[in-house]
Each structure stands twice: as structure tokens, then as C-alpha cells.
Amino acid sequence: MTAPTTTAPGQHGFKEHSDGGWGLVPVQTRSERFTSTQHDQHPPVTGREQEWKLTPVDRIRELIDGELDGADYPIEHASVDGVTVEWIGRDDARIGRAGIPEERASANAWTNFAKALAITVSGEEPSRFKLDRSQLGDTPRAAHTVITAKPNSQALVLLQNTGDARLSENVEIVVEDGANLTVVTLQEWDDSAHHLASHFARIGRDATLRHIQVSLGGGVVRVNPSAHLAEQGANGELLGLYFADAGQHLEQRVFVHHDAPNTRSRVNYKGALNGEGARTVWVGDVLIARSAPGTDSYEQNRNLVLSDGTRADSIPNLEIETGQIEGAGHASTTGRFDDEQLFYLQSRGVPEDEARRLVVLGFLLEIVQQIGDAELEERLEALLEAEVAASGRA
Amino acid sequence: MSDVLIERPELDGLGQYEFGWSDPDVAGASARRGLSNEVVEDISRLKDEPDWMLQRRLNALKIFDRKPMPTWGADLSGIDFDNIKYFVRSTEKQASSWEELPEEIKNTYERLGIPEAERQRLVAGVAAQYESEVVYHQIREDLEEQGVLFLDTDTALKEHPEFFEEYFGTVIPSGDNKFAALNTAVWSGGSFVYVPPGVHVEIPLQAYFRINTENMGQFERTLIIADEGSYVHYIEGCTAPIYKSDSLHSAVVEIIVKKNARVRYTTIQNWSSNVYNLVTKRAVAHEGATMEWVDGNIGSKVTMKYPSIFLMGEHAKGETLSVAFAGPGQHQDAGAKMIHMAPYTSSNILSKSIARGGGRTGYRGEVRIDAKAHHSANTVNCDALLVDTISRSDTYPAIDIRVDDVQLGHEATVSRVSEEQLFYLQSRGIEEAEAMAMIVRGFIEPIARELPMEYALELNKLIEMSMEGSVG
């Protein structure tokens, strides 16, 4: 579907109206949403749409509709064997292979970027590449990144975001046949930062993508990863960890599209909320298309509420178009920390404060420990220790 | 168009295809199609309603006109609002006894088994809705003695207007959604139940509904008030004949469960496969109250129905059990909503769905724990069973937590009937078709066991019939 269809114009009850939405057939399948790289092709955002109703659109209006600086920006990275980094033009053939914007902010970034950053992994020995973005400043920006893993290559690519930012961006991730790529995106922004990102991944035959999102800092952070399991045997693991403090809005909308036989996906996002106005949104869409017999899929979201005055939304959606599947399911839980665990630890002589700290950390570190990079895991553990300590009640 | 099954009287029991007959269309012939202020005024005048109800209807019509169609959910583009009869009067006045009913209506009900049910005293009262208006209604004496009111809604508005002034539209306001507005504008029929404080109605109150005029919408309005400490189980069953063009059913059910009262509302919806079934059902549960929805969706072309419970008082409980079955051409978009507004409230949702032959089932839910609702808990379990490769199953739960002292969990599993399961049963000498039916029966058992026996049997029979041809 390219656009919603209109039926029987003029019929009673279906009449056109300035509110919009009249006579439209709702999109029936996640993969059929309207897509366009052009900002003006997407309908204006009112904040009442399914896509935006949980997002503070007024705080990020400049990123949705404003003019964005699409020039190249300061980056820092070490040189790594088997990984190349270069700025490429809009007309480069590598652009547009993994996905097309589904909403207006993403399209605004696409319309406005002038230079894209291309990170290409070709080494077949495991390597680790870290890109630092720390000096974006408060200029509203558009960015475009293309990460390509050549056939049978292996690497971990870490995108580390710190400092201030007003950023709307698209990240394309192309995992070619037999490649094994891990992408970690770490949002450790200042409280003033606003960051909207769409990550589009296309996973090839027998290839694996591990996509790990960690959002700890920023005023409004909305990072939406999608994984298109496009070829037979493709494997996608999407992990996430978020910790929202007072006044922070951390949002993630995940989409896994099983589109080929014998594909596998695992989604596991864990979050904690602490402080007045701490807000998290997690949406996890999984579509098992008719083209994907033999699919094995599971997704879960777990939220830990550490104080009053917070709000956590958790929406795991599952669309299944074939019965020829290995298995599919999802789970979502939201609650305060486990009193039983707390009681157990206290009964073993651990003081209550320390027990709380251990329970909360244990909950969050499950994701960190799956990253598979000792240096990063250590750093994240330290960051989470600090978050938990600062949350006072832990 | 309708005689195929009349020629097969050997088919008894209840089932989608068995009820594909209709009586000659007498009442609907003169009814107007389409919607306007005039139609609404006409309905109100024919019913001799108080002016405030007319004003309510006219205002709701304005809201209906203004509100957009839902931008989510099923494809409703096949509804032609201009080609629906909004009010059809089947007989001039209410019949006071079975004998007074016209012969063709009696025949319809005999097929539905109502007189039998009466004779066996299985039902506490029968409100039979035939072409928009309740034509037959009887309340058992013991209910009257207890002070229980069980009337069709039109009569109740005349005889007990005070309840309507206080409660009508308070649970589901006209502006709640486009179809609630439509119902408020053109509602007709439905049931009214009032249970006085402390009264336990021991046997289920039962009502049957039927659409019988081609292209006729059915817009019944049900209002149930369970006063403090009372209990009632209300059962709504739906069947409809099959017609060649689309029908619209858009009911509103409002339930008020007062302090420490308990209400269970059971529906087995088996509309014929051309009906758009767009129903708004909502209950408010006050302190210590319990509300239970047991919801079966077997028939219809499209169903969009999400029974909700607003848990308004401390220690209120809510439960929704739902089973949906979609065959070829059917889309069951069902679900549940639990809105926790008070401390120490708990709720539970269990949803089971089966899609076959290209049908589509969906669970769409919302659970919200408001900031005031500390120490609340909710569990949602959704299971879907897929029996072939062309059917579709969706799960769209939404969970929104605004307080820290809560425990909440959602889980969904989708499984297919495996070759191993079928092979095992067949190796024990069970025919493949029966083996499939057994697996399906086992799957829905947790809900079937909550139904009154005759409904459980009916549900099993319907499922069995619907599963025919799904193997081999």
C-alpha cells in the first residue's frame, strides 16, 4: 500500500472533514505503512496519530518540520583494520537500500541531509569500531549514516552519543550474506538534547545482526530500530536498555519483519524509570509474513518502576500471516522490583539499601552482559551504578 | 433467498449456517433507509419518549456526523450508512404472552429454542429482540417479588425514567466513539436490568437478539445496574439470518456495578457472515465490586468489540474471558480494556483465538494503571491457535503504567496444531477431523468451562462445524 485509500466520497458518515481520517481504510499490516523520503509527502503531525500520540511532539517540532543543517559534522574515531569511514553524497548508490522513512521527522532528516557517513565493514576477523559524536551542539541537524557489513564480515560498531544535540537522523544498516554485525547505539546525551532516529536494517541470507540500543541521557530521545529479515536464514537480535530520570522522555519503537523462510528474531528491551515526569515508551511490532514459513520469534519488554510520578507505556504488537511457524510469542511486564528477591537478600544479611541496589542492577545488567564487548560492558556497568545510586531509593 | 434451510428441518441446535433463513420481510418493507434528523425525530416520536431523550439523540447524531471513522482497526469501508434502515417496528405493541406473538415470529423463536428454555425454567426471563423492538418479554414472578427489573429498554424508559435520567450515557457518553454516537441517535430495544441491594439473582437472565430485515441495522441499548451487594448474570446470545448485502449491528451496553456487587455478562455472538458488528461495552466497578465479561465471537464479517471495565473503587476486580473464531472472510478484532483508577484494584484478561481458512483474529487491548491506583495488579494472556498457512492472527496490547506500586504482565503465544499432535491422536484411533476438533476444544476449554452448559455445548458445536474441511 502506498497511501490510505478513500471510499465512497460524499456518503453520509464518510464525508470529508478538516479533521482528516474520513473514509480511510486503516493500514492492516505493519509493512504497508506509507513510506516516502520526502518530508512534504507525509501528513502534518498533530500529535494525535498512533505514531506520535505518546511522544511530546511540541518539544521536538523543529526536528519534525523545521529546517535542518544537513552538512557533515565533527566525528571522532580510531582507524581500525577492515573498517572504512567516509563521507558520501546524496546520490551514492549505498543510500536507500535498507529502508525508507515511515514518518515525517525521519523524512525531514532524509530530505535535508547533504552528506552521509558511510561505515563499511569488510574484515572477516572480528573487529571493534567506535564512532564518537560529542560536538553536535544545539543546531538542529539532519544526519544520514550507512553501515554496511560485506559478505561474511564480522564487527562490532559502536555509535557513542554525548553532549548536546538537536538531531533527526536515519541510519541504514545493510548486513550482507553470511555477515555477523553488532551495532550498539549509546545515547548518553545532555538533558537538553533532542534526538530522533530511525534505524533501518536489512539482513541477508544466513546473516546475523545484533542491534543494541542503550538510552540513558537526553531530554527527548526516540530511537526506532527496524529489522527486515529479508533472506532465508536471517537472524536478528534487538536488545535495548533504558533508564529514564525525572523529566526525560525515552522512546523506542521496534519493528521486526520476518519476510523469508527460516528466519529468527529475539527482541529484549528492559527499562527503569525514576523521578517525577520520567517517561518511557516501548512499542515492539513483529510481523511474520506469509513469505516467512519456519519463523522463530520472541520478544519481550520489562519495565521497572522505581518511583511515583513516572509513566511507562509498553505495546508489544504481533501480526502473523502464516501458520507454518516454529513459534512466536511476546511478553511484557511492568512493576516495581521484586520483593521476594529483596526479602531473600535481606534474609542473607544484605542491608536493605544494598539489596535494592543489587536487585535493580541485576535487572538491568542482563542486557549489558549480552553485548560481548568487555570495555563497553564495564563502562555501562559504571554508568548504571551511578544511575541507580542517584535514584536515591535504590 | 431464504428457504434453503427451511427445507432441512432435521438441523436443530444453534449454528451460523443453520440460521440462514429469514421470515418474509413484512415489517421492514416500509422502513426508510438512511439517516437524518427526521428519522431520529420519527423514532423518538413513535416511542413517545421524553423530550430530553430526543435532544440527546439529535445531539448524538451531530456527533456521529462530525466524528471521523476510526483510523485503526478493521476495514469498515464496506458499510453504506445511506443504505441502512435505522428503525423497523415489527408489531404495533408489545405482546404480553407467547400466544399473542405472530406465527412467523413464534417459528423463529421455536428454532432458537426459547419456549423450551422457558418451559425448563432454565432462564430467568427472556427478552427477545425481533426487528429492533422487543416483542416478547416475560419476567418470572420470583424476580418481580425480589424487586428485580428486567425489561426491554423502551418500556423501562417509560416506566422507570428516573434510572435513565441518572445513568443513561454516563458510562458511555454519546461522544465516546463514532458508533456509540450512532447508537445513541437511533437506539431501539435492548435490555434494562436493575437488581436491588443485596439481591442475588440465582439463574441467568437471558436475551436473544436477531436481525431480520435485509440491510437493517440493529442498535440496541442495554443498561444494567447492580445495586450494592447484589449479583446478576446476564446472557446475550446473537444469531442472524444470512443476507446478500451487508448489515450493521452497533449496540451500546452500559453496566454499573455498585459497592460489593458482582455482574457477569456473557455473550456468544454468532451474527451471519455479512454483519458488521461494532459494539461498545463498558462497565464501571465501584468499591469491592466485581465485573466479569465472558465474550465469544464466532460469527459476523467484521467484529470490533473491546469490553472495558473502569475500576473506580478500592479493591474492585475485573475479568474478561474472550474467545474468537474467524473462518473464511471473517475478521474478529476483539479485545479488552482495563482502566485502573483506584488503589488495590486487580484485573485479568484471558483471550483465546483461532483463525482458519483465511480468516483473521486479533486481540486489541488496553491496560492503564492510573497514578492513583497504587497496589494494583493486572495479567493479560493471549493465546492464538493457527491451523493452516493462510489465516492471520494479530495481537495489539497496549499497557500504560503511571504508578510504581503495581505488578503487571502480558504474555502472548501463537502456536500451530502440529503434525505430532494430530499423529498421536490418530494413532489412538481418532479420525483426523475429530482429532483437530479435540485439539481446538482443549484450547478453548478454559473459557468454555465458564459458560452455562447449554452455551458451552453450543460453542463446541459451532467450533466443530466451523472446523469442518480444515484438515486433509
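Some points to look at:
- Directionally averaged shadow of the stretch A:338-394, computed from the convex hull of its alpha-carbon atoms, nm²: 4.0 nm²
- Heavy atoms of chains B and A lose about 4100 Å² of accessible surface on contact, summed over both sides with a 1.4 Å probe.
- Heavy-atom accessible area, probed at 1.4 angstrom with all protein chains present, ranks B:Phe423, B:Phe81, A:Phe34 as B:Phe423, A:Phe34, B:Phe81, highest first.
- Each residue, A:Glu125 and B:Trp52, gets one label point 7 Å from its Cα in the Cβ direction; the gap between the two is 8.5 nm.
- Global form of chain A, assessed from the alpha-carbon gyration tensor, a/c cut-off 1.5: rounded
- Where the stretch A:338-394 is the region considered: accessible area per residue in Å², 1.4 Å probe: 56 Å²
- Largest first, the three principal axis extents of the alpha carbons in the stretch A:214-286 are 46, 15, 15 Å in whole numbers.
- Diffusion coefficient, µm² s⁻¹, Stokes-Einstein with Kirkwood Rh over alpha-carbon pairs of the stretch B:343-437 at 20 °C and 1.002 mPa s: 138 µm²/s
- Column: log10 I(q)/I(0), Debye, Cα scatterers of the stretch A:71-120, q = 0.21 Å⁻¹: -0.88
- Chain A - share of DSSP beta bridges that are antiparallel (%, nearest 5): 5 percent
- For A:Tyr73, solvent-accessible area (1.4 Å; no DNA, RNA or ligand), Å²: 20 Å²
- Amide H contacts under 5 Å for A:Ala143, placed H, 5+ residues apart: A:Ser168, A:Glu169, A:Asn170
- In sequence order, calculated HN-Hα J values of the stretch B:388-393 (Karplus, 6.51, -1.76, 1.60; Hz; x Gly/Pro): 8, 9, 10, 9, 9, 9
- The stretch A:237-269 and the stretch A:358-394 have their alpha-carbon centroids 18 Å apart.
- Screening chain A for DSSP H helices whose Cα atoms reach 20 Å or more along their own axis and whose mean Kyte hydropathy is at least 0.0 gives A:352-368, A:374-390.
- Pairs from B:Lys85/B:Lys158; A:Lys53/A:Lys270; A:Lys53/B:Lys301; A:Lys53/A:Lys150; A:Lys270/B:Lys258 whose Cα-Cα separation, in the structure shown, is over 27 Å: A:Lys53/B:Lys301; A:Lys53/A:Lys150; A:Lys270/B:Lys258
- Using C-alpha pairs under 8 Å with a sequence gap of at least 6, the mean separation divided by the residue count of chain A gives a relative contact order of 9 percent.
- These residues, B:Met453, B:Met291, go from largest to smallest accessible area, 1.4 Å probe, as B:Met453, B:Met291.
- Overall Cα dimensions of the stretch B:238-382 - principal axes, largest extent first, Å: 50, 24, 19
- The HN-Hα couplings worked out from phi for the stretch A:28-36 by the Karplus form 6.51 cos²θ - 1.76 cosθ + 1.60 (θ = phi - 60°) are 9, 9, 4, 7, 9, 5, 5, 10, 6 Hz, whole numbers, x standing for Gly and Pro.
- Taking amide hydrogens as placed 1.01 Å from N in the peptide plane, the amide H of B:Val253 sits under 5 Å from those of B:Thr222, B:Thr280, B:Lys281, B:Arg282, each at least 5 positions away in sequence or on another chain.
- Residue-by-residue Karplus 3J(HN,Hα) for the stretch A:314-323, coefficients 6.51, -1.76, 1.60, Hz, glycine and proline x: 9, 9, x, 9, 9, 10, 10, 10, 9, x
- Estimated 222 nm signal from helices in chain A, with DSSP H stretches of n ≥ 4 weighted -39500 (n - 2.57), rounded to 500: -4500 deg cm²/dmol
- Taking the alpha carbon gyration tensor of the stretch A:323-363, multiplying each eigenvalue by 5 and rooting it gives semi-axes of 34, 10, 8 Å, largest first.
- All C-alpha pair distances within the stretch A:63-195, sorted into 10 Å bins from zero, spread as 13, 43, 35, 9, 0 percent across the bins.
- Placed amide H near A:Ala201: partners under 5 Å, 5+ positions off or other chain: A:Ile173, A:Ser226, A:Ala227, A:His228
The values are calculated or read from the model by the stated rules, or taken from the named source; none is laboratory data. Everything quoted here is computed from the prediction, not taken from an experiment. Quick reminder, even Gly has a Cβ in these numbers, built from the backbone with ideal geometry, and neighbours come from all protein chains shown. Surface accessibility is based on the protein's heavy atoms, side chains included, excluding ligands, DNA and RNA. Shrake-Rupley method; radii C 1.70, N 1.55, O 1.52, S 1.80 Å.
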